[in-house]
Amino acid sequence: MPEPPSVPAASGWRVDEARRSAALEAYELDLLRNSPALKQITDFAARLCDAPVALVSLVEETRQSFLSATGTDLCGTPRSESFCAHAMWGSEVMVVPDLTLDPRFVHNPLLVDPGVRFYAGAPLVSDDGIPLGALCVLDMAPRPGGLTALQHEGLVVLASNVLARLRDSRDGAAWRAAENDARRAALDSETRFRTLADTMPQMVWSTLPDGYHDYYNARWYEFTGMPEGSTDGAEWNGVFHPEDQERAWAVWGHSLDTGEPYQIEYRLRHRDGTYRWVLGRALPIRDAGARITRWFGTCTDIHEQKLALEQREVISQELSHRIKNIFSVVAGLIQFAARSHPGFAPVATDLRQRITALGRAHDFVRPHSPRSRPDAPQDSLRGLLTQLFAPYQSVVGDSARIAITGTDLRIDDRAATPLALLFHELATNATKYGALSRAEGSVTLDVAHSDGMVTMRWDEAGGPAIGGASDHVGFGTQLIELSAVRQLGGSIDRDWRSAGLSVTLTAPLAAFSRV
């Protein structure tokens, strides 16, 4: 267990462990542990500091225990692993930008699991100067810049709220004294909150539990140019773009009905009369009975980012359209060359069909405008195969000649090319020599996946009888092997049954999509 540093406590005298233990025992910690009130504080601290983990930690003689935790299921650690055991002795927020560079912590097991790199903790010190623990935030990546001034001040404000909750846990005369302190702290916290909110770059607002807007920070009025108080109640929606108002009402109403977080992008009228894209977010604040007492929200101007994304999408669509045209040009050049060299015609036809298949696959996964987007989802294996098999399809009875069964899979542009080449070759060979060379022939492609592997089985039926496996290894066979083995990282098995060829592709599920 680390010894307390030889630094006097805030009141000018050292606090021994016996005195600290007595102070901790004076609080009703079981009533506070995992309480909604403290959970709101750690949730807000994590959001304010953009950190994955926030904790209210009380440091005991041999352990530190977490009264509230956001981003971790741990309820405490040995004191020897506690960063807060150091932070609580200071009078200011302790910030360690990179724990691996601090000799006090280089051997701390928490740097290995879960891999903590950044720490910032506001000390929790009782009214009589006894260090209790800290309100802290943790990150798994170092932060050379530490905290912003706003985050630093916010952590201090939230730490004072934690102390107010601790005071409230006392009973009897101590409870009444702590209650008075809490009222003063609440008033001071409200003043600090308004000061903090007015210095934030985002527009900040809050509402009553029923959604009545009763507070906006200075940034809101500065952005909209509206007179103070004119957007209270339900009047806020009138500042939205007319095309976004109904949608914004629906999303906000859903959050009020369900208590779910509010998030939406909409156009907000600027003071100059133009409309700018804004990201709106809000979270409910709940009391000890989990009832919503307020909603706190922010509006962030994302107009420039939105325009940049739209411009990037236009450029991406134009580039993909040009690539599609290149496929068409190459296919046309091959056809033109075949006319001039009749002996080249069979090879040219095969090559042109392969390029057309690649063009089909590219057209399916490329960025599209709302008008050009295909009906099937662009990350759908079934959608891609349906488009690839369209030239080979004709109806036999009540079913298509190539039937796709089993599970649909998510695919991306990386997998689309080898899949297009592989199944184009199988369909073309079936048309020339196999089941699809006869009117009554058919093919079934069944897709299944289990334990991270995908199995795709191609079964032909109703075609000419097969005498057995062929020793000839043509370009098409090599192309199938290239697609399945080298590009998808899988394997190909062929079964030359008398009823028709059966081909089984086995490949990792991860090869089909990066997600």
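So, ARG271, is that one of a type in the set (D, E, K, R) and not in a loop (DSSP other than H, G, I, E, B) or not? So ARG271 does not fit the description; no. Within region 44-89, the only residue that satisfies the criterion of being of a type in the set (Phe, Trp, Tyr) and within 16 Å of LEU166 (Cβ to Cβ) is PHE66. Once region 12-47 is narrowed to residues that are open to solvent by 30 Å² or more (accessible area, probe 1.4 Å) and outside any helix (DSSP H, G or I), the residue that is modelled with the lowest pLDDT is GLY12.
Among residues belonging to region 192-225 that are closer than 18 Å to LEU268 by Cα and exposed (fewer than 14 other Cβ atoms within 10 Å of the Cβ), point out the one that is modelled with the lowest pLDDT. Looking at the filtered set, the residue picked out is PRO201. Residue count for region 226-261 satisfying the condition of being modelled with pLDDT of 90 or more, outside any helix (DSSP H, G or I) and open to solvent by 40 Å² or more (accessible area, probe 1.4 Å): 2.
For region 234-274, the set of residues classified as within 16 Å of SER206 (Cα to Cα) and among the charged types (D, E, K, R) consists of GLU235, GLU260, listed by residue number.
Per the listing SER65, SER91, SER80, the residue uniquely at pLDDT below 95 and in a strand (DSSP E or B) is SER65.
What residue, among those in region 117-141 that are among the β-branched types (Val, Ile, Thr) and modelled with pLDDT under 95, is farthest from the chain's Cα centre (by Cα)? Walk me through how you get there before you give the answer.
Just the residues of region 117-141 that are among the β-branched types (Val, Ile, Thr), to begin with: 125, 130, 137.
Now narrow it down to the ones that are modelled with pLDDT under 95: 125, 130.
Working: VAL125: 37, ILE130: 41 Å.
Top of the filtered list is ILE130.
Within region 158-165, identify whether any single residue is under 30 Å from GLU25 (Cα atoms), of a type outside the set (Ser, Thr, Tyr), over 33 Å from the mean Cα position of the chain (by Cα) and modelled with pLDDT of 90 or more, and answer yes or no. Scanning region 158-165, I find at least one residue that is under 30 Å from GLU25 (Cα atoms), of a type outside the set (Ser, Thr, Tyr), over 33 Å from the mean Cα position of the chain (by Cα) and modelled with pLDDT of 90 or more, so the answer is yes.
Within the bounds of region 228-245, is there any residue that is touching a Cys at 6+ places or on another chain (Cβ under 9 Å) and β-branched (Val, Ile, Thr)? The answer is no; no qualifying residue exists. Open to solvent by 20 Å² or more (accessible area, probe 1.4 Å) and within 22 Å of ALA164 (Cα to Cα): does that describe GLY133? Against the criterion (open to solvent by 20 Å² or more (accessible area, probe 1.4 Å) and within 22 Å of ALA164 (Cα to Cα)), GLY133 does not qualify.
The values are calculated or read from the model by the stated rules, or taken from the named source; none is laboratory data. As the structure is a prediction and not an experimental result, all values here were calculated from the model. Neighbour counts are summed over all protein chains in view; Cβ atoms, including those assigned to glycine, are modelled from backbone coordinates with ideal geometry. Heavy atoms of the whole protein, side chains included, go into the accessibility calculation; ligands, DNA and RNA do not. Shrake-Rupley method; radii C 1.70, N 1.55, O 1.52, S 1.80 Å.
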